Structures are given as structure tokens and as C-alpha cells.
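Written out below as C-alpha cells is the structure these notes cover.
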Amino acid sequence: FQIFQATRRNENDPFAESKILPNVNGGVCSSFPRLTADKLLMVFVHCPAKDEPLRLYLAARTSNQADFGRPVDLGSMINDSVVSGPALSADGLTLYYSSQRAGGVGGVFDLWSATRKPKKKS
């Protein structure tokens with residue numbers, strides 16, 4: 001699995017040919033991309049190497065025309081075990097995802113969330 005991007009000028013036009021995202025893909029798979037409303041941050045499922053679990057990563061870009069930068073692993077607080085199905089709240093501050101982590105209550109995967117505080121303006 002790899003993540004591609006296809007764009008169009010407006011919603012009535014057809015999509016242009018898709019292109020692979022250069023910095024995001026790599027490893028075994030990248031999938032399930034989710035963008036913030038401003039389209040500057042993308043959370044996605046990624047497996048960097050064979051025999052490693054699926055983890056959630058974040059990639060950022062400076063504008064909608066720029067490429068996403070190198071992805072960053074969201075760390076052990078999020079990636080405590082196998083994770084999948086990321087979704088972002090409308091304001092981009094809360095991440096929802098499914099996980100097999102300890103403490104779950106309803107089966108193989110449970111729904112979890114993590115909220116980040118917005119940066120203070122200087």
C-alpha cells in the first residue's frame with residue numbers, strides 16, 4: 001500500500017493523474033491518510049519494516065502546493081500496540097483511532113482518542 005495524491009481545479013473537473021507522495025511512502029506500507037481541514041497535516045497508518053506493527057505517523061507541509069515532509073512516528077503514547085483507522089476532528093486537535101492496547105473494553109480493537117493543545121501565539 002502506498003499513498004497517492006490526485007488534484008483537480010474545482011469539484012466539477014475530473015481529477016488529474018495521481019502521483020505518489022514522495023516523502024510519505026516507504027517501508028512495507030502507508031495507508032488510510034487523513035488530512036486536517038487546512039490540508040497541512042496528514043495522519044496515516046504506516047509500517048516502516050517487515051515484522052514491525054502498524055503505527056500512526058504525522059507528516060506536515062507548509063502549503064497546499066508543497067510536498068509533505070518526512071513523516072514522524074506519533075510515539076508510544078499513541079502507538080502502544082497495533083493501531084489503525086485514524087480520523088481527525090474538524091478542528092484538527094483530536095485524533096481518533098482504533099487500537100488493541102491493554103485497558104480496552106470491547107473486543108479486539110477499541111476506539112481511542114488523543115487531543116493536543118493548540119500552540120500559544122507569541
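The values are calculated or read from the model by the stated rules, or taken from the named source; none is laboratory data. Note that the structure is predicted; figures quoted are calculated from it, not measured. Note: ideal-geometry Cβ built from the backbone for every residue, glycine included; neighbour counts use all protein chains shown. In case anyone asks, the SASA skips ligands and DNA or RNA and just uses the protein heavy atoms, side chains included. Shrake-Rupley method; radii C 1.70, N 1.55, O 1.52, S 1.80 Å.
If you add up the charges near Asp110, with Lys and Arg at +1 and Asp and Glu at -1, over every other residue whose beta carbon is less than 15 angstrom from its beta carbon, what do you get?
Net of charged neighbours comes to 0.
Count charges around Leu58 for me, please; just the other residues with Cβ under 12 Å from its Cβ, Lys/Arg as +1, Asp/Glu as -1.
That sum, taken over residues with Cβ under 12 Å, equals +4.
Could you order the peptides 64-74, 22-32 from most to least packed, using the average number of other C-beta atoms within 10 Å per residue?
Result, highest mean Cβ count within 10 Å first: 22-32, 64-74.
Taking the chain, how much of its Cα-Cα pair set, in percent, is spaced more than 24 angstrom apart?
Looking at the chain, the distances longer than 24 Å represent 32 percent of pairs.
Quote the charge dipole size of the chain about the Cα centre in Debye, to the nearest 20; the model charges only the Cβ of Lys and Arg (+1) and of Asp and Glu (-1).
480
Tell me the carbon and sulfur percent of the accessible area for the chain, rounded to whole percent, probe radius 1.4 Å.
Solvent-exposed carbon and sulfur of the chain make up 55 percent of the total.
Positive end of the dipole of the chain, charges at C-beta (+1 Lys, Arg; -1 Asp, Glu), about the Cα centre: which of Val43, Phe4, Thr115 has its Cα farthest in that direction?
So the residue furthest toward the plus end is Thr115.
With θ taken as phi - 60° and the coefficients 6.51, -1.76 and 1.60, list the Karplus ³J(HN,Hα) couplings across the range 82-87 in order, rounded to whole Hz; mark glycine and proline as x.
4, 10, 6, x, x, 8
Taking the Cα centroid of the range 41-97 and of the range 1-38, what is the distance between the two, rounded to the nearest whole Å?
If you average the Cα positions of each part, the centres end up 14 Å apart.
Cβ under 15 Å from Leu21's Cβ, Leu21 left aside: what net charge do those residues give with Lys, Arg +1 and Asp, Glu -1?
Net of charged neighbours comes to +3.
Provide, as a two-decimal number, the C-alpha radius of gyration of the range 61-102 over 2.2 N^0.38 Å, N being how many residues it has.
1.41
Could you give the accessible area per residue of the range 1-81, probe 1.4 Å, as a whole number in Å²?
Value returned for the range 1-81: 65 Å² of accessible area per residue.
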